[in-house]
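One structure is given below, encoded as structure tokens.
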Amino acid sequence: MLTLRTDLQTPLVSQIVDGLRGLIAGQVIKPGSKLPSIRAFAAAHGVSVFTVVEAYDRLVAQGWLVSRANAGFFVKRRDEGGAPAVAGQAQREAPRFDARWYLKQIFENRNLPMKPGCGWLPHDWLFGDAVRRSLRQLSTDGPELDGYGLPSGHMALRMMIAESLAEHQITVDADQVLLTHGSSQALDLVARCLLKPGDAVLVDDPAYPNLLYMLRFAGAQLIGVPRTPTGYDLPALEALVQQHKPKAFFTQPRLQSPTCSLASVAHLHRLLQLAEQHDFVLVENDLYADMDGTSRSSLASLDQLRRVVYIGSYSKTISPNLRVGYLLARPDMLGEFVQLKMVAGLTSSDIAERVTFGVITDGRWRKHLKSLRDRLGEAHRQVGRRLDSLGFELFHEPEAGMYLWARHPDLPDSAELSKEATAAGIMLGPGQLFLVEPRPTGWLRFNVAFCQDERLWQFLAQRIELGRQVAQ
């Protein structure tokens, strides 16, 4: 029915989507026809089930197929929601299966006994005592329950953020700080203000899945910039900028997720030069800055917000349930972000912002951060040694931040491995979820704070041995 070619640059998922869409549009496959099951299609064409799942999911989202519980996938009839979009008709790119799967798994599998693939810190690593003290103080003072907070957020917290950023050579006043519902809302505001459907946008590759999903939902054309342990593949970056004329680059120079790589100052300078020469905005997501004990330049400190929008968050170091982030930008841009924040959801939570202010003005805040950095550094060393002893290749070893990005030659498909791990009570971070163009890969993201359970290492050792036996 369909011929797939591995010698082409076009991803297999795209080949399947385009091929089936053409067969349906040409009436070779009739409306109402049932497609082969995912496993049958994968076996017939020599591809992974994950490739077929993503292709079918895209076709469902685009209106070509309909999924029926316990029955399979069928070509959509007109009376099941209208005719599919015609080729060439303007439309948003459908949300990817992988990003939605990731978000669903992260929140549905929070209670798994082992979570080395998650994106938060263990309960006893957070600053819970200060949160409770701040809540008690807020209760004593009497929180204002009637009305809303300020559009830009709690003024005292904005002043503290501006003061703390001055220590990192970012010069702003409180009026240039916009508080948000975590860094995710900040990224969403920037994307919706700066981009329109079809705009080319540079992103790190690999990158944070939620950001990729968010930008695709906005209709952006995502262009992956390969990460290296010292930042970016500069020749590739320069070629991509020349070719695609991007509107913006969403990037994490410091302790990037999932690789935990660190961009050198030379790379930051070159990135700023390219942004100036080719007129695009740099969106610097620096939410892991408090985990870095080394004083480093940032895009914002080098540029002073002329072409940089800077994003930070307290959710990683205080509590993931305390959704408080912030955004810095030059005044003309910030006004647009404030307006969109109000239109989309009025103000952010004044109570959460007051609690956060109480935490970061607690006398033990700096001691907590130092303790957290030391603890993460030791966890990096321990987990790195364990991975190395099993034969894993480590992308980078920063001994800071939350993650290690690693792969093993006998574990070629981390997605399949993650399915097996879930059945064993382990949440892993399969690498294909972080890729701009998802494909089978052996890379895995390990959260070093959740890798102390010996059962994890036993599981990995067993799967490596099985992989070697299969290869033989």
Quiz item: Can you tell which of Leu466, Leu444 is touching a Leu at 6+ places or on another chain (Cβ under 7 Å) and among the aliphatic types (A, V, I, L, M)?
Solution: Leu444
Exercise. Confirm whether Arg366 is more than 21 Å from Arg455 (Cβ to Cβ) and either at pLDDT 95 or above or surrounded by fewer than 13 Cβ atoms within 10 Å (Cβ to Cβ) (or both).
Key: yes
Quiz item: Pro440 is checked against (1) in contact with a Pro (Cβ under 9 Å, 6 or more places away or on another chain); (2) crowded, with 20+ Cβ neighbours inside 10 Å; (3) assigned to a loop (DSSP other than H, G, I, E, B); (4) not polar (S, T, N, Q) and fails just one. What number does that condition carry?
Solution: (2)
Quiz prompt | Looking only at the stretch 152-171, and only at residues there that are at pLDDT 90 or above and crowded, with 21+ Cβ neighbours inside 10 Å, the one that is farthest from Ser313 (Cα to Cα) | solution = Ile170
Quiz item: With (1) over 20 Å from the mean Cα position of the chain (by Cα); (2) not in a helix (DSSP H, G or I) as the list, and Gln339 as the residue in question, which single condition is left unmet?
Solution: (2)
Quiz item: Which residues, taken from the stretch 399-420, are in contact with a helix residue (DSSP H, G or I) (Cβ under 7 Å, 6 or more places away or on another chain) and in a loop (DSSP other than H, G, I, E, B)?
Solution: Glu399, Ala400, Gly401, Met402, His408, Asp410, Leu411
Quiz item: So which strands (runs of 3 or more DSSP E) are wholly in the stretch 170-251 and hold at least 1 residues that are in contact (Cβ under 8 Å) with a residue 24 or more places away in the chain and farther than 20 Å from Ala344 by Cα?
Solution: 200-205, 221-228, 248-251
Practice problem: From the list Ser315, Ser319, pick out the single residue that is under 17 Å from the mean Cα position of the chain (by Cα), hydroxyl-bearing (Ser, Thr, Tyr) and in a loop (DSSP other than H, G, I, E, B). | Solution: Ser315
Quiz item: Out of the residues in the stretch 443-454 that are touching a strand residue (DSSP E or B) at 6+ places or on another chain (Cβ under 7 Å) and in a loop (DSSP other than H, G, I, E, B), which is surrounded by the most Cβ atoms within 10 Å (Cβ to Cβ)?
Solution: Trp443
Quiz item: How many of the residues in the stretch 252-284 are farther than 24 Å from Gly401 by Cα, assigned to a helix (DSSP H, G or I) and aliphatic (A, V, I, L, M)?
Solution: 3
Exercise. Give the stretch 284-309 a look and list any residue that's touching a Ser or Thr at 6+ places or on another chain (Cβ under 7 Å) and within 24 Å of Arg192 (Cα to Cα), or say none.
Key: Glu284, Asn285, Asp286, Leu287, Gln304
Practice problem: Please note which helices (runs of 4 or more DSSP H) are completely contained in the stretch 1-70 and include at least 2 residues that are among the aromatic types (Phe, Trp, Tyr) and either out of contact with any Gly (no Cβ under 7 Å at 6 or more places or on another chain) or more than 18 Å from Asp413 (Cβ to Cβ) (or both). | Solution: 49-61
Quiz item: Among the listed residues Arg381, Arg463, Arg373, Arg386, which satisfies the condition of being loosely packed, with under 15 Cβ neighbours inside 10 Å and either more than 22 Å from Asp204 (Cβ to Cβ) or in contact with a strand residue (DSSP E or B) (Cβ under 7 Å, 6 or more places away or on another chain) (or both)?
Solution: Arg381
Quiz item: Which residues, taken from the stretch 360-398, are more than 30 Å from Ala156 (Cβ to Cβ) and outside any helix (DSSP H, G or I)?
Solution: Leu390, Gly391, Phe392, Glu393, Leu394, Phe395, His396, Glu397, Pro398
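The values are calculated or read from the model by the stated rules, or taken from the named source; none is laboratory data. Since this is a predicted model, take the numbers as computed values, not measurements. Cβ sites come from the backbone with ideal geometry, for glycine too, and all protein chains shown count toward neighbours.
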